[in-house]
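*Asks:* Got a structure here, written out as structure tokens. Questions coming.
We did not get these values from a lab; they are worked out from the coordinates using the rules stated. Every value quoted in this text rests on a predicted model; they were computed, and no experiment measured them. Positions of Cβ are backbone-derived with ideal geometry, glycine not excepted, and every protein chain shown enters the neighbour counts.
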Amino acid sequence: MPSRKFADGEVVRGRWPGSSLYYEVEILSHDSTSQLYTVKYKDGTELELKENDIKPLTSFRQRKGGSTSSSPSRRRGSRSRSRSRSPGRPPKSARRSASASHQADIKEARREVEVKLTPLILKPFGNSISRYNGEPEHIERNDAPHKNTQEKFSLSQESSYIATQYSLRPRREEVKLKEIDSKEEKYVAKELAVRTFEVTPIRAKDLEFGGVPALYELWETRVFGVYLLWFLIQVLFYLLPIGKVVEGTPLIDGRRLKYRLNGFYAFILTSAVIGTSLFQGVEFHYVYSHFLQFALAATVFCVVLSVYLYMRSLKAPRNDLSPASSGNAVYDFFIGRELNPRIGTFDLKYFCELRPGLIGWVVINLVMLLAEMKIQDRAVPSLAMILVNSFQLLYVVDALWNEEALLTTMDIIHDGFGFMLAFGDLVWVPFIYSFQAFYLVSHPNEVSWPMASLIIVLKLCGYVIFRGANSQKNAFRKNPSDPKLAHLKTIHTSTGKNLLVSGWWGFVRHPNYLGDLIMALAWSLPCGFNHILPYFYIIYFTMLLVHREARDEYHCKKKYGVAWEKYCQRVPYRIFPYIY
């Protein structure tokens, strides 16, 4: 490998690309691979030059007045003191021959060295954080003058830029250069256009929420592989022989399926894996930067799963079908045809209800918390992000701790497992419910401690209502004669079952929905009111609750008849009284 001729910090003369003029420059660095020197001109411009375009200061002879051609201003000064030529006359070397000069200029342009521009860092409006190569970079205010001196280059205008922008040529030569044959000029421009300019890519404009990538960018096989790995890890945790085994509610034929309750253990094991990965330096920012790709991967997976579920349901016995199935292929594909599809003892619906999506929601929230710290250069997460993560973590841990309560829900005892539940469990829950945390990454919102205290109180009120109502309902469905429930009042029905008309269920119809809605509001408030995205979940959830409440009212009225009318008289209050 050839030796290096000039040292860092050495002041030499460098030829300006496209010309025969040399100016005083400082050597900044040397690339041993490309054998290019990075130099800095007096005006702050940084370029890369070949070694034969750099000469030591001693190689230039002093003029009579003791001045050299170190800068355009000094050249103008020397011309003003000389009577032999006017300020507008070119140097002797330029007066030899106009055509010869033009041909020399063209040859110089064709031999032009490759230029590496100093990366420009664009500063987004209203934010002190800029993006460079997708990473945050902070610009100090005292660096602004230096940044302003950096030149902005345009590849499409390179030829005109070389000729006129810095006025490096004498004025007469500039005029003559414009008279070059247009055919030659186009050739030079074409030569310049195809040269390899090593410009580091920059993000010209920061888009809201990362923008929407092109369709071909949404699919990444690697992302799909990571999602499959996540799903299989949760399957492995589900199959571990830990946790107690319980029986579900009776089926149409009187059978009771058995379920292993180890969701909370799966959450602990997942937390250990995530914690170990963070300790080992695994970069979870990849999930944030590929958020839409992961959502698409999950969607594709749930479509494939739904097709499998529908095809296998065609061979299922009648007693295994869901009460909601209709015989219509499109409807059954969506709502689910088989009630409890199983592969051996592995219950697909029960597994998807709590494992990949619900635990994945917590992991995505953690990813957003880490992304906020990285992008906003925070030592600790914001109070708003802490509130959102804490509230939603409590919601998930509560569901996993009270896993047995899931066995008495409509999803398990009534709805089949089709695209609706698969999409809701695997896509909607982890990627839509995490909107609040996703929003705070790029839209910081400072929450005061008094406001945070009020939000926490609101969250706790919603949680008390939600957990109290669900626990009461689950305990009553499992064992109506439980001595702990003896104080509750009931209405007997013709089906042999009783309806609760006291406790939480005597306060309002579907009090669990009310608690759910209050909690959803509490974990959206830390995001502020500058955008509707954090409240999208509340809008959706309200519509879902309206549908569920109307559905429950219809089924209960049909099932319990007169007893339901008595219940409605005893408990007249509804969450959405004027919707239906």
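*Asks:* Using the Cα centre of region 362-491 as the reference point, and only Cβ charges (+1 on K/R, -1 on D/E), how large is the resulting charge dipole? Debye, rounded to the nearest 20.
*Replies:* Using Cβ point charges on Lys, Arg, Asp and Glu, region 362-491 gives about 420 debye.
*Asks:* List, in order, the whole-Hz ³J(HN,Hα) value for each residue of region 243-252 obtained from phi through the Karplus relation with A = 6.51, B = -1.76, C = 1.60 and θ = phi - 60°; use x for Gly and Pro.
*Replies:* x, 7, 10, 10, 9, x, 6, x, 8, 4
*Asks:* Any chance you could run the full-extension gain for Tyr308 through Asn474? It's 0.36 nm times the residue separation minus the Cα-Cα distance, nm to one decimal.
*Replies:* Taking 0.36 nm per residue and subtracting the Cα distance, the gain is 56.6 nm.
*Asks:* Another question, if that's okay. Extending each Cα 7 Å along its Cβ direction at Leu454 and Asp552, get the distance between those two points in nm, one decimal.
*Replies:* 3.0
*Asks:* If you don't mind, another one. Short version: ³J(HN,Hα) in whole Hz for each residue of region 295-301, in order, from phi by Karplus 6.51 cos²θ - 1.76 cosθ + 1.60 (θ = phi - 60°), x for Gly and Pro, what are they?
*Replies:* Per residue, the Karplus-derived 3J(HN,Hα) values read 4, 5, 4, 5, 5, 4, 4 Hz.
*Asks:* To continue, here is another question. Based on the Cβ-Cβ distance of Asn498 and Trp401, what FRET efficiency does E = 1/(1 + (r/R0)^6) give at R0 = 25 Å, to the nearest 0.05?
*Replies:* Computed FRET efficiency for Asn498 and Trp401: 0.35.
*Asks:* Right, something else. Subtract the Cα-Cα distance of Leu236 and Glu51 from 0.36 nm times their separation in residues, and report this length gain in nm to one decimal. Let's see the in-between values first.
*Replies:* Working: separation 185, 0.36 × 185 = 66.60 nm, distance 6.15 nm.
Using 0.36 nm per residue and subtracting the Cα-Cα distance, I get 60.5 nm.
*Asks:* Taking 24 Å as the cut-off for C-alpha to C-alpha distance, list the pairs among Lys258/Lys489; Lys258/Lys558; Lys258/Lys473; Lys40/Lys374 that go past it.
*Replies:* Lys258/Lys489; Lys258/Lys558; Lys40/Lys374
*Asks:* Moving on to the next point. Can you work out ³J(HN,Hα) from phi for every residue in region 462-472, in order, using Karplus 6.51 cos²θ - 1.76 cosθ + 1.60 and θ = phi - 60°, giving whole Hz and x for Gly and Pro?
*Replies:* Per-residue couplings from phi come out as x, 5, 4, 5, 4, 6, x, 5, 5, 5, 5 Hz.
*Asks:* Between Ser271 and Glu247, with labels modelled 7 Å along Cα→Cβ, what's the label distance in nm to one decimal, could you check?
*Replies:* 3.3
*Asks:* Then there is this: For Arg13, what residues show an amide H to amide H distance below 5 Å, using hydrogens built from the backbone and excluding near sequence neighbours?
*Replies:* Val25, Lys55, Leu57
*Asks:* Please give the peptides 558-571, 435-448 ranked by average Cβ packing (other Cβ atoms within 10 Å per residue), highest first, as a rough proxy for protection.
*Replies:* 435-448, 558-571
*Asks:* Rounded to the nearest 0.05, what FRET efficiency is calculated for Ala214 and Lys374 with R0 set to 25 Å and r the Cβ-Cβ distance?
*Replies:* Result of the calculation: an efficiency of 0.50.
*Asks:* Search the structure for amide H atoms under 5 Å from the amide H of Arg337, placed 1.01 Å from N in the peptide plane, and list their residues when 5 or more places away or on another chain.
*Replies:* Those lying under 5 Å, H to H, from Arg337 are Phe417.
*Asks:* Further question: So if R0 is 51 Å, what FRET efficiency would Met543 and Asp43 give, r being the distance between their Cβ atoms, rounded to the nearest 0.05?
*Replies:* Details: r = 62 Å, r/R0 = 1.21.
FRET efficiency, Met543 to Asp43: 0.25.
*Asks:* For Asn319 paired with Phe346, estimate the spin-label separation in nm (one decimal), with each label point 7 Å from Cα along the Cα-to-Cβ line.
*Replies:* Roughly 2.5 nm, to one decimal.
*Asks:* May I pose another question? How do the peptides 305-311, 411-417 rank, highest first, by the average count of neighbouring beta carbon atoms within 10 Å per residue?
*Replies:* 411-417, 305-311
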